[in-house]
Amino acid sequence: MIITEKKPIDDIKASLNESKKIFILGCGTCATLNQTGGEEQVKEMTKLLSEKDIVGTVVPETPCDKRVLKRDLRPVAASLNAADAILVLSCGVGVQTVAELTGKIALPGLNTRFIGMVERIGEFYQRCLACSDCILDETGGICPITRCPKGLLNGPCAGHMDGKCEVNREKDCAWVLIYKRMKDIGQLDKFKAFRKPRNYQISTSPQQIVWK
Amino acid sequence: MSFISSLEKSLATSKFTITGELTPPKSASIEDVLDGAKLIKDDVVATNVTDNPTSRVVMSTLATCHLIEKQTGLETIYQITCRDRNRLALQSDILAANALGIKNILVLTGDYITMGDHPEAKPVFDLDSVQLLWSIKRMQEESVDLAGKKLKTPPKLFVGAAVNPGLDPIEPEIIRLEKKVDMGVKFAQSQCLYDPSVLEKFMGQISHLDVKILVGITPLLSAGMAKWMVKNCPGVIIPDEMIKRLKEAEDKVKEGIEMMVEVVSKIAPMKVAGIHVMVPERADLVAQTVKAIKASGAV
């Protein structure tokens, strides 16, 4: 899941600046589950921007999917066209898809934080950096690239204390977790293997996949 | 037999080797650190020169090492971390180190960037310390860089790493030391040690490894410092008795050094190669500690 967080309302108002007619667009998937861009949050935003002229709202099923966005914007085309700017309550992908599809000013209402696991609503943990070269088979199913701040590949640095990370003593040391997990599942031999430097060429942005 | 450095020679031929540590100046002038080098010159075989320690900006390690060696004759151990440079920068600095006459290198991962004075900077960590050791091994043994491209003249450095005997769990640290030794590490300097029983256990656990251990020695200067270290420094275990002695001592620095003399007398018979004495920003105390240890006849 793409984990998002609401931007401070003052920042949103500053970015809307001179725009008077505002269209508010949510996200029916990740941001709905995150409670940052669902029907309720769109309503809430309408109230927070009471000094503006809110010309319409919609919560497309997946604003990051151009085909679905096109379908879900059709019924609101008239009000959307009347807007000076579209405030998008979705991840950065949604904002850019809306801008690309409509050609209008699309502004972010959320900050995109990370790809994460949902423990419960309001409790999200980053688990994947989308590095393009998954090594979870080598590390007991725990990602050191994401969960070790230094992205170490050959075991923990000497900064762990009570199983916690030197960077933040409230977070677990990823490599102590990996060690314990791999010991439990009988994979210590694999833990001991030397892992070569990563190939960053394969994760150079912008990434794209186009089937031939 | 020829040795790359005085440090290598001392580790091979002396009963007990002592190294020190200096921090490059937060300054564009080398003078302050040269004074420190002169203070410890006769007490240590070589001195580490730290690399933006605790992620604070100071003068480049490479330049500091070179100027210390050139102007004081004290041999240096060039500390290199993976935090601030990618694999291109690291390799070019290693080639430069050799060209500047530096003989020893100590490879570290490096403290995380948010711990220092530029917490908003982008951390690098392109390589980890084991991978950097691998690149040095390839440069030295195969005369190629990490891309496999030929080096006209390979570097010839005596290579070390860090180790922390007080970590819990300890097994990942031992595995990591095994990897480092596989990658050409000949000596390892440890985290500050206060409890000889921690080291005794650790030395038993690494007896299969061909690596010289220099035990980290940092005199405690007050009970407050001791408590702070226990709380904040991973793997530092300080017996309560030491904290009590510091509280009661009238001259705390003298007591702190005396306790280190006692620790060294206990660890000297444990198959350790020697000690690594470090007191951040206080070269005078490094000299004082080494002199007290030597005078005691503990080593």
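The values are calculated or read from the model by the stated rules, or taken from the named source; none is laboratory data. Just so it is clear, the structure is predicted and the values come from calculations on it, not from any experiment. As a convention, Cβ positions derive from the backbone with ideal geometry for all residues, glycine included, and neighbour counts pool all protein chains shown.
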* Quick one: A:K20 ticks every box in (1) without any contact (Cβ under 8 Å) to a residue 12 or more places away in the chain; (2) under 23 Å from A:L101 (Cα atoms) bar one, so which box is it? -> (1)
* Taking only the stretch B:143-172 into account, find how many residues are free of Cβ contacts under 8 Å to residues at least 60 places away in the same chain and within 14 Å of B:H276 (Cβ to Cβ). => 3
* Structure fact -> Scanning the stretch B:8-26 residue by residue, those among the acidic types (D, E) and either closer than 21 Å to B:G184 by Cα or not in a strand (DSSP E or B) (or both) turn out to be B:E8
* **All helices (runs of 4 or more DSSP H) inside the stretch B:27-116 with 2 or more residues being among the β-branched types (V, I, T) and under 18 Å from the mean Cα position of the chain (by Cα)** => B:31-40, B:61-72
* Out of A:A99, A:A82, report the one residue that is farther than 22 Å from A:K7 by Cα, surrounded by fewer than 22 Cβ atoms within 10 Å (Cβ to Cβ) and not polar (S, T, N, Q). => A:A82
* Of all the helices (runs of 4 or more DSSP H) wholly in the stretch A:1-53, which have at least 2 residues that are in contact with a Cys (Cβ under 9 Å, 6 or more places away or on another chain) and at pLDDT 95 or above? -> A:30-33
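Here are some residues: A:G140, A:G56. Which one is farther than 30 Å from A:S19 by Cβ and not hydrophobic (A, V, I, L, M, F, W, C)? So that I can check it myself, show each step before the final result.
Numbers: A:G56 fails: farther than 30 Å from A:S19 by Cβ.
One residue alone meets the criteria, A:G140.
Hey, among the residues in the stretch B:261-291 that are free of Cβ contacts under 8 Å to residues at least 60 places away in the same chain, out of contact with any Ser or Thr (no Cβ under 6 Å at 6 or more places or on another chain) and closer than 21 Å to B:I213 by Cα, which one's surrounded by the most Cβ atoms within 10 Å (Cβ to Cβ)? Steps first, answer last, please.
So the first thing to find is which residues in the stretch B:261-291 are free of Cβ contacts under 8 Å to residues at least 60 places away in the same chain, and the list is B:261-262, B:264-265, B:269, B:282, B:288.
Remaining after also requiring out of contact with any Ser or Thr (no Cβ under 6 Å at 6 or more places or on another chain): B:262, B:264-265, B:269, B:282, B:288.
Right, trim to closer than 21 Å to B:I213 by Cα and you get B:262, B:264-265, B:269.
Numbers: B:E262: 14, B:V264: 27, B:S265: 15, B:P269: 9.
Looking at the filtered set, the residue picked out is B:V264.
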* Structure fact -> Per the list (1) in a loop (DSSP other than H, G, I, E, B); (2) touching a residue at least 60 places away in the same chain (Cβ under 8 Å), residue check on B:L199 breaks on (1)
* Asked: Restricting to the stretch A:50-67, what's the tally of residues that are of a type outside the set (D, E) and surrounded by fewer than 18 Cβ atoms within 10 Å (Cβ to Cβ)?
  -> 3
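Please tell me if B:G148 is assigned to a loop (DSSP other than H, G, I, E, B) and either over 22 Å from the mean Cα position of the chain (by Cα) or modelled with pLDDT under 95 (or both). So that I can check it myself, show each step before the final result.
Working: assigned to a loop (DSSP other than H, G, I, E, B): yes; either over 22 Å from the mean Cα position of the chain (by Cα) or modelled with pLDDT under 95 (or both): yes.
When the stated conditions are applied, B:G148 passes them.
Please tell me if B:I175 is touching a helix residue (DSSP H, G or I) at 6+ places or on another chain (Cβ under 9 Å), closer than 16 Å to B:M270 by Cα, without any contact (Cβ under 8 Å) to a residue 60 or more places away in the chain and buried (at least 16 other Cβ atoms within 10 Å of the Cβ). Spell out how you get there, then give the answer.
Details: touching a helix residue (DSSP H, G or I) at 6+ places or on another chain (Cβ under 9 Å): yes; closer than 16 Å to B:M270 by Cα: no; without any contact (Cβ under 8 Å) to a residue 60 or more places away in the chain: yes; buried (at least 16 other Cβ atoms within 10 Å of the Cβ): yes.
No.
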* helices (runs of 4 or more DSSP H) completely within the stretch A:107-212 that count 2 or more residues being without any contact (Cβ under 8 Å) to a residue 12 or more places away in the chain, within 12 Å of chain B (Cβ to nearest Cβ) and among the charged types (D, E, K, R) -> A:174-184, A:188-192
* Asked: How many residues, within the stretch B:166-178, are under 14 Å from B:V236 (Cα atoms) and within 10 Å of chain A (Cβ to nearest Cβ)?
  -> 4
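Yes/no per residue for (1) of a type in the set (G, A, S); (2) within 12 Å of another protein chain (Cβ to nearest Cβ); (3) farther than 21 Å from A:P144 by Cβ; (4) without any contact (Cβ under 8 Å) to a residue 24 or more places away in the chain:
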position: B:D43; (1), (2), (3), (4): no, no, yes, no
position: B:T54; (1), (2), (3), (4): no, yes, yes, no
position: B:M59; (1), (2), (3), (4): no, no, yes, no
position: B:L62; (1), (2), (3), (4): no, no, yes, no
position: B:G73; (1), (2), (3), (4): yes, no, yes, no
position: B:I77; (1), (2), (3), (4): no, no, yes, no
position: B:T81; (1), (2), (3), (4): no, yes, no, no
position: B:I113; (1), (2), (3), (4): no, yes, no, no
position: B:K137; (1), (2), (3), (4): no, yes, yes, no
